[in-house]
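Report on one structure; see the data block that follows.
Derivation of every value follows stated rules applied to the coordinates shown; laboratory data play no part. Predicted model only: the values in this text are computed from it and were never measured. Neighbour counts are summed over all protein chains in view; Cβ atoms, including those assigned to glycine, are modelled from backbone coordinates with ideal geometry.
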Amino acid sequence: MSGFDRNAFRFAFATSLLLLLTSPVWAESSDAEGLVQILKKLERRIEELDQQIKDVRSTAITVQSGEIAIRADGTRPLTDNSRCNPGADNLRGIKNGRVDFPKHFAEQPQVVLAIHEFDIQVGAPNDTHRLAARVQSKDETGFNFQFYTWCNTVVHSGRAVWVAHGRASQ
């Protein structure tokens, strides 16, 4: 319920009530007890509406997004072939990092990370070049990521975009 102004609502309601009570119909009524009962009902209804507003806000979903860029220093690529172990999993991490969300979520959000740019050195014609990005862990305040590649890939730079969505923090 973005854009809802509780004070403006209360002012409008009070103004409407004042107009109603000063109308000729109320001026002719001498039943003060009935007026008190109506005011109590209106007060309860305002409390109910206030709780409904709080309930809606507590389930509101928020979306945040951003970009991660990795770059070589100009003299050497981001990858280090000396760390390659072909007998193992053939993976070699390139860059680990953390993104802190501009606004915290109420609980752990869903995070999507997607590569949208990379600069990979071309070698022999049969070389296979691979670059991936993944979310390693996440919490209400941010997430940890890793760009990684296989042993025969030389990466000079890369970019990824991220989108996080979840329950908004109060």
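Extension gain, E107 to S157: 0.36 nm times the residue separation minus the Cα-Cα distance gives 14.7 nm.
Partners of K103 within straight-line reach, counting lysines whose Cα lies under 27 Å from its Cα and excluding those fewer than 8 residues away in the same chain: K54, K95, K138.
A simple spin-label model places the labels of H116 and D55 3.9 nm from each other, with each point 7 Å out along Cα-to-Cβ. Fully extending the segment from E47 to S137 would add 28.3 nm, taking 0.36 nm per residue of separation and subtracting the current Cα-Cα distance.
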